[in-house]
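Written out below as structure tokens is the structure these notes cover.
The values are calculated or read from the model by the stated rules, or taken from the named source; none is laboratory data. Because the structure is a prediction, the values reported are computed rather than measured. No Cβ is skipped: glycine too gets one built from the backbone with ideal geometry, and neighbour counts run over all protein chains shown.
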Amino acid sequence: MSQSEDCWLDQLLSRNAAFREGLDPRRLPVTRTPGRFGLITCMDPRINPAALGIAPFGAGGAGTSSVRIIRTIGAMAEDRSLIVAIHLAGVREFAIVMHTDCGNCLAKAKIGTIADSLRETMAPQDHATFQESLAAPYRRGLLDFLKAFDDPYQAVAQEVATIRAKAFVPHDVILHGLVYDLATAKLDLVVDGYNGSAG
């Protein structure tokens, strides 16, 4: 483990201790709150949930939002997250929010860099097994595996259609597709789930 990783872990632990000193444990959101809304967005830290109408936690630890948030690369949720959100948490309406300057667009442009890094950092047998698990040719298979894309506007419309087509997603679940512009903090509507049309 590098020194910088060690320092970051120390920071996490010390910041948590400092946070706990200033909170009121009675205000922590311990009880599950029912909610019918889910946000699927990118793991990119530049996406601010407050810009999407999701209230931040209070300084004393209180939380007021019942929106379930799924963060993944490119705002593409895995089936297991969708199943638990829909069939256990009761989510009935999702906003899929992709964004400008997404790392999944960069991944498409830099697929050679990713492929080279995988080859250089994996054990040869592990890399060979991984490569065989993807469709040939390797780089095309890697692009498909990563779900890399060029345009978040096209990608969010496709992701809405992909989720809609899943057998475990009930017909009454509403799916919206939006793109968050990092430079302006503006949300652009791409798919209006209430009427199924482009925004």
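Output yes when any residue across the stretch 127-135 is exposed (fewer than 13 other Cβ atoms within 10 Å of the Cβ), part of a helix (DSSP H, G or I) and of a type in the set (A, V, I, L, M), and no when none is. Before you say what the answer is, go through the steps one by one.
Looking only at the stretch 127-135, we keep the residues that are exposed (fewer than 13 other Cβ atoms within 10 Å of the Cβ), and these are 128-129, 132-133, 135.
If we keep only those that are part of a helix (DSSP H, G or I) as well, we get 128-129, 132-133.
Filter again for of a type in the set (A, V, I, L, M), leaving 128.
Checking the stretch 127-135: at least one residue is exposed (fewer than 13 other Cβ atoms within 10 Å of the Cβ), part of a helix (DSSP H, G or I) and of a type in the set (A, V, I, L, M).
Of the residues that make up the stretch 138-152, is at least one under 17 Å from residue 96 (Cα atoms), among the aliphatic types (A, V, I, L, M), under 16 Å from the mean Cα position of the chain (by Cα) and surrounded by 14 or more Cβ atoms within 10 Å (Cβ to Cβ)?
Within the stretch 138-152 (the criterion being under 17 Å from residue 96 (Cα atoms), among the aliphatic types (A, V, I, L, M), under 16 Å from the mean Cα position of the chain (by Cα) and surrounded by 14 or more Cβ atoms within 10 Å (Cβ to Cβ)), the answer is yes, since at least one residue qualifies.
I'm trying to understand the selection: among the residues of the stretch 115-141, which are in contact (Cβ under 8 Å) with a residue 12 or more places away in the chain and in contact with a helix residue (DSSP H, G or I) (Cβ under 6 Å, 6 or more places away or on another chain)? Steps first, answer last, please.
The first filter runs over the stretch 115-141 and keeps only residues in contact (Cβ under 8 Å) with a residue 12 or more places away in the chain, leaving 115, 118, 130, 138-139.
Those that are in contact (Cβ under 8 Å) with a residue 12 or more places away in the chain and in contact with a helix residue (DSSP H, G or I) (Cβ under 6 Å, 6 or more places away or on another chain): 115, 138, 139.
Just to be sure I understand, how many residues within the stretch 143-155 are modelled with pLDDT of 95 or more and either aromatic (Phe, Trp, Tyr) or assigned to a helix (DSSP H, G or I) (or both)? If you could, list the steps in order and put the result at the bottom.
First, the residues of the stretch 143-155 that are modelled with pLDDT of 95 or more: 151-155.
From the residues that got through so far, the ones that are either aromatic (Phe, Trp, Tyr) or assigned to a helix (DSSP H, G or I) (or both) too are 152-155.
Residues meeting the conditions: 4.
Just wondering, is there one or more residues in the stretch 25-35 that are surrounded by 11 or more Cβ atoms within 10 Å (Cβ to Cβ) and closer than 28 Å to residue 104 by Cβ? Please lay out each step first, then the result.
Filtering the stretch 25-35 down to residues surrounded by 11 or more Cβ atoms within 10 Å (Cβ to Cβ) leaves 27-29, 35.
Going one step further and asking which of them are closer than 28 Å to residue 104 by Cβ, we end up with 35.
The answer is yes, given that some residue of the stretch 25-35 is surrounded by 11 or more Cβ atoms within 10 Å (Cβ to Cβ) and closer than 28 Å to residue 104 by Cβ.
Can you tell me which residue in the stretch 167-184 is nearest to residue 93 (Cα to Cα), limited to those that are surrounded by fewer than 13 Cβ atoms within 10 Å (Cβ to Cβ) and in contact (Cβ under 8 Å) with a residue 24 or more places away in the chain? Outline the logic, then answer.
Going through the stretch 167-184, the residues surrounded by fewer than 13 Cβ atoms within 10 Å (Cβ to Cβ) turn out to be 167-168, 170-172, 183-184.
Remaining after also requiring in contact (Cβ under 8 Å) with a residue 24 or more places away in the chain: 168, 170, 172, 183.
On the way: 168: 14, 170: 11, 172: 9, 183: 27 Å.
Looking at the filtered set, the residue picked out is 172.
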